[in-house]
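Data block below; observations after.
Coordinate-derived values only; no laboratory data. Note that this is a predicted model, so its numbers are computed, not measured. Cβ sites come from the backbone with ideal geometry, for glycine too, and all protein chains shown count toward neighbours.
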Amino acid sequence: MPIIRNQVDPSKFNGDAALPYELRLQDFSIAMQDIYDFFYDVNTHLTGKHLQRLDDMLRPAIMSGLLSDMLTASLAKHSRALTENRYHNGHPDLIVGGVYPHDEVKSGTQGVEIKTTRNKSGAVDTHGAREQWMCVFVYEVDTNTEPAINRAPMAFSAVYLSQVTVDDFRKNSRGELGTRTATLHKEGVAKLRQNWIYRG
């Protein structure tokens, strides 16, 4: 079975969503389609050589990191006001262009943090609770269909974008050797999901 190129469905976007920093629904649509096109191109090449799809090669954490980086780059490319934060591991991922020197900041307040997760609720670990605009892309990967060549392409099932505060998080204990993280609590997730951008 040939690799399928996934397509973003424009009818699944929320025309009433609140969008900060001059973002447009089209920015999200194009960014998502950029990802679909990339996976189509790469997987067509890999399977043409009888190799695994990229979806099947990557561990979930690496997949999420790759998607976050690619979505950040694409949104920066297509949005009117936002650009990539050039500070390594700086926060947020997207910042308003020209606000910070050299468009880099370790911990800024004007911008959007990008997260990806397979968690259908949209809950995702962060490195700390803070007030921020948080955008979460929820995606699905078919790991069950056999033979693997017949698996469905990676798909975004939802996109959420909301301004959250420190009080919307719960802290996660990781023990002495673990890195402390924070996740939106039940009410915080409900707040995030209220301003949905896309539902597949």
Of the options ASN150, SER74, ILE95, report the single residue whose Cα projects farthest towards the positive end of the charge dipole of the chain (beta-carbon charges: Lys, Arg +1; Asp, Glu -1).
ASN150
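Give me the percent relative contact order of region 89-139, please, defined on Cα pairs under 8 angstrom at least 6 residues apart.
Over region 89-139, the number comes to 36 percent.
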List the longest stretch of the chain that has no exposed loop site; here a site is one of the trypsin sites (Lys or Arg not before Pro) assigned by DSSP to anything other than H, G, I, E or B, with at most 15 other Cβ within 10 Å.
121-173
To make sure I understand the rule: partners must be lysines, Cα under 25 Å from the Cα of LYS120, and not fewer than 8 residues away in the same chain. Which ones qualify?
LYS12, LYS171, LYS186, LYS191
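Taking 0.36 nm per residue of separation and subtracting the Cα-Cα distance, what length does fully extending GLN33 through ALA73 add?
13.1 nm
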Which value in Å is the Kirkwood Rh of the chain over different Cα pairs?
17.7 Å
The chain: relative contact order from alpha carbon pairs under 8 Å, six or more residues apart, as a whole percent, is 20 percent
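Given Cβ point charges of +1 (Lys, Arg) and -1 (Asp, Glu) and nothing else, what value in debye, to the nearest 20, does the dipole of region 1-153 about its Cα centre take?
140 debye
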